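Structure first, commentary second.
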Amino acid sequence: MGGFLIVNPRSGDGRTGTDELLDEARRRGIRTHVLEESDDPAEVARSADADALGIAGGDGSLAAVAGAALERDLPFVCVPFGTRNHFARDLGLDRNDPIAALDAFGGTERRIDVGRTGERLFLNNVSLGLYAQLVHRREHHRRRRKALARARSWLILLTHREPLGIAIDGRPEDTRLVLVANNCYELDLPTLGARNRLDEGLLYLYVLGGPTSGKSARRFEIDAAAGRLEAAIDGEPELLETPIEFRIEQKALRVLVPPPRG
């Protein structure tokens, strides 16, 4: 059956290397599918006749295909093709070389953790509060394509002082931003925002100004009087009903990485 690569041509800044990536994948015998606007990447991945499932996209594109790979107990391949490619970096890939990432098909298998919020899988993190609000407004204004409206969104967020009104595991938290991370993030330069491990089996909680920031556990529950919260799941906007359960599935996902060079 071989490898199957789903390509999201709208990831990141719409890079011009899509044709080059497709040509190279096909040269290697990797079958490809370019996502259309109406495509559900998870359904495409579920129905693919393949021994390994890959996605060329940004961080927001990965989780759906990774979830399908997990459901089917197939290895997952990440090809960095977005703007920031945080997951690819933490996996040890060269974020600027998607062609080299194709070596993962037939490469070395690793087992890594995945996070869940409800049944929704995440590979990096879930943000609640200020950053999530920015993501929601960015998506709204991307559709409207109004630069002035985007600037107003930033202004609203920078002047917003109202806390989220949440409780974490039953304890009230007076904060405007919460991040639930799949494994531990570095908080010091020059590796700020990077993860040294993807298989520790722990979620990490980062709370702006909160005493519980940096706490780790296999499960967290966040509740809110509002009944729902704007969230950014791996950078993608979502509206979550509360209470929200977060949990970790240790070494659940089979991931292929390129073999060591040399």
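The values are calculated or read from the model by the stated rules, or taken from the named source; none is laboratory data. Keep in mind it's a predicted model, so treat the numbers as computed, not measured. All Cβ positions, even for glycine, are placed from backbone atoms using ideal geometry, and neighbour counts span all protein chains on display.
Give segment 37-63 a look and list any residue that's more than 20 Å from ALA88 (Cβ to Cβ) and modelled with pLDDT of 95 or more, or say none.
Residues of segment 37-63 more than 20 Å from ALA88 (Cβ to Cβ): 37-40, 43-44, 46-51.
The answer is ASP39, ASP40, GLU43, VAL44, ARG46, SER47, ALA48, ASP49, ALA50, ASP51.
When segment 56-106 is filtered for residues that are buried (at least 24 other Cβ atoms within 10 Å of the Cβ) and β-branched (Val, Ile, Thr), the ones remaining, listed by number, are VAL65, VAL77, VAL79. Among residues of segment 159-177 that are more than 13 Å from ILE244 (Cβ to Cβ), those with a beta-carbon under 9 Å from a residue that is of a type in the set (Ser, Thr, Tyr) and modelled with pLDDT of 90 or more at least six positions away or on a different chain give the pairs PRO163/THR175; LEU177/SER127; LEU177/TYR206.
Hey, any hits in segment 214-237 for a residue that's free of Cβ contacts under 8 Å to residues at least 12 places away in the same chain, surrounded by fewer than 16 Cβ atoms within 10 Å (Cβ to Cβ) and in contact with an Asp or Glu (Cβ under 9 Å, 6 or more places away or on another chain)? Looking through segment 214-237, none of the residues is free of Cβ contacts under 8 Å to residues at least 12 places away in the same chain, surrounded by fewer than 16 Cβ atoms within 10 Å (Cβ to Cβ) and in contact with an Asp or Glu (Cβ under 9 Å, 6 or more places away or on another chain). Of ARG110, ARG95, all but one fail to be of a type in the set (D, E, K, R) and without any contact (Cβ under 8 Å) to a residue 40 or more places away in the chain; the exception is ARG95.
Among the residues of segment 2-11, are any in a loop (DSSP other than H, G, I, E, B) and within 15 Å of the chain's Cα centre (by Cα)? Give the steps one after another, and end with the answer.
In the first step, residues of segment 2-11 are kept if they are in a loop (DSSP other than H, G, I, E, B); the result is 2, 8-11.
Then keep just the ones that are within 15 Å of the chain's Cα centre (by Cα); that gives 8, 11.
Looking for residues that are in a loop (DSSP other than H, G, I, E, B) and within 15 Å of the chain's Cα centre (by Cα), one finds at least one in segment 2-11, hence yes.
Take GLY193 and decide whether it is in contact with a strand residue (DSSP E or B) (Cβ under 7 Å, 6 or more places away or on another chain) and either part of a strand (DSSP E or B) or on the phi > 0 side of the Ramachandran plot (or both). For GLY193, the condition - in contact with a strand residue (DSSP E or B) (Cβ under 7 Å, 6 or more places away or on another chain) and either part of a strand (DSSP E or B) or on the phi > 0 side of the Ramachandran plot (or both) - is not met. With respect to the conditions (1) modelled with pLDDT under 95; (2) closer than 22 Å to VAL207 by Cα, ARG144 falls short on a single one, namely (2).
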